[in-house]
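To keep things clear, I will list the structure first and then write my remarks on it.
The values are calculated or read from the model by the stated rules, or taken from the named source; none is laboratory data. On a predicted model such as this, the values are computed, not experimentally measured, just so you know. Reconstructed Cβ throughout: ideal geometry from the backbone, glycine too, with neighbour counts over all protein chains shown. Surface areas here come from the heavy atoms of the whole protein model, side chains and all, with no ligands, DNA or RNA. Shrake-Rupley method; radii C 1.70, N 1.55, O 1.52, S 1.80 Å.
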Amino acid sequence: MLMAMELGATWNAFVAARVAHEDVRTALEEFLFGLSFEHIRQLRRILWEKGVHAIDRSEISAYLGIDVKTDLHIDSRDFYMQYSVRRDNARVRRRLNYPGPRSTLEDYYMGFVLAQHNGTQFDAVFARSAPPPADAKGTQEG
């Protein structure tokens, strides 16, 4: 909830428009829970089989049988490390056609933002960096 309030109207529009898509929804879960799609799916199955409806974050490692880092800080290095792992996992899924999100939440969000602007940001950058047409330089061919 706090994240939605901080990010504003564009984030809210993104969530409203794209959260129904399975890839975006699962990428959001990976982002929020700090677990891979595969671990989330495994954890859901284990909890369902045991009849457990909710767990504390500190219990994740015990249920999955692996060491899961749950003490992430607000440090930007931790945040980037999590992003890198999610990005690499998404690339593998895309390349091998495995189930799960094919991009990170950040990729989906940036794609949405750029689509909302319909490429105007890129057009402005290219317009400034591209050489002017020949006739604009004052040279006439012919």
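Could you please let me know if R86 is under 27 Å from A115 (Cα atoms), open to solvent by less than 30 Å² (accessible area, probe 1.4 Å) and assigned to a helix (DSSP H, G or I)?
For R86, the condition - under 27 Å from A115 (Cα atoms), open to solvent by less than 30 Å² (accessible area, probe 1.4 Å) and assigned to a helix (DSSP H, G or I) - is met.
Results for (1) more than 18 Å from the chain's Cα centre (by Cα); (2) at pLDDT 90 or above, shown as yes or no for each residue.
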site	(1), (2)
G8	no, no
H21	no, yes
E29	no, yes
G34	no, no
D56	yes, no
S84	no, yes
D88	no, yes
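Do we find that E49 is out of contact with any Lys or Arg (no Cβ under 6 Å at 6 or more places or on another chain), open to solvent by 70 Å² or more (accessible area, probe 1.4 Å) and part of a helix (DSSP H, G or I) in this structure? Spell out how you get there, then give the answer.
Details: out of contact with any Lys or Arg (no Cβ under 6 Å at 6 or more places or on another chain): yes; open to solvent by 70 Å² or more (accessible area, probe 1.4 Å): yes; part of a helix (DSSP H, G or I): yes.
The answer is yes for E49.
Could you list, in sequence order, all residues of region 52-61 that are hydroxyl-bearing (S, T, Y) and surrounded by 13 or more Cβ atoms within 10 Å (Cβ to Cβ)? Let's see the steps before the verdict.
At the first step, the residues of region 52-61 found to be hydroxyl-bearing (S, T, Y) are 58, 61.
Passing the criteria: only S61.
Given the conditions (1) at pLDDT 90 or above; (2) under 25 Å from N12 (Cβ atoms); (3) open to solvent by less than 50 Å² (accessible area, probe 1.4 Å), report the number of the one that R102 does not fulfil.
Checking R102 against (1) at pLDDT 90 or above; (2) under 25 Å from N12 (Cβ atoms); (3) open to solvent by less than 50 Å² (accessible area, probe 1.4 Å), the one that fails is (3).
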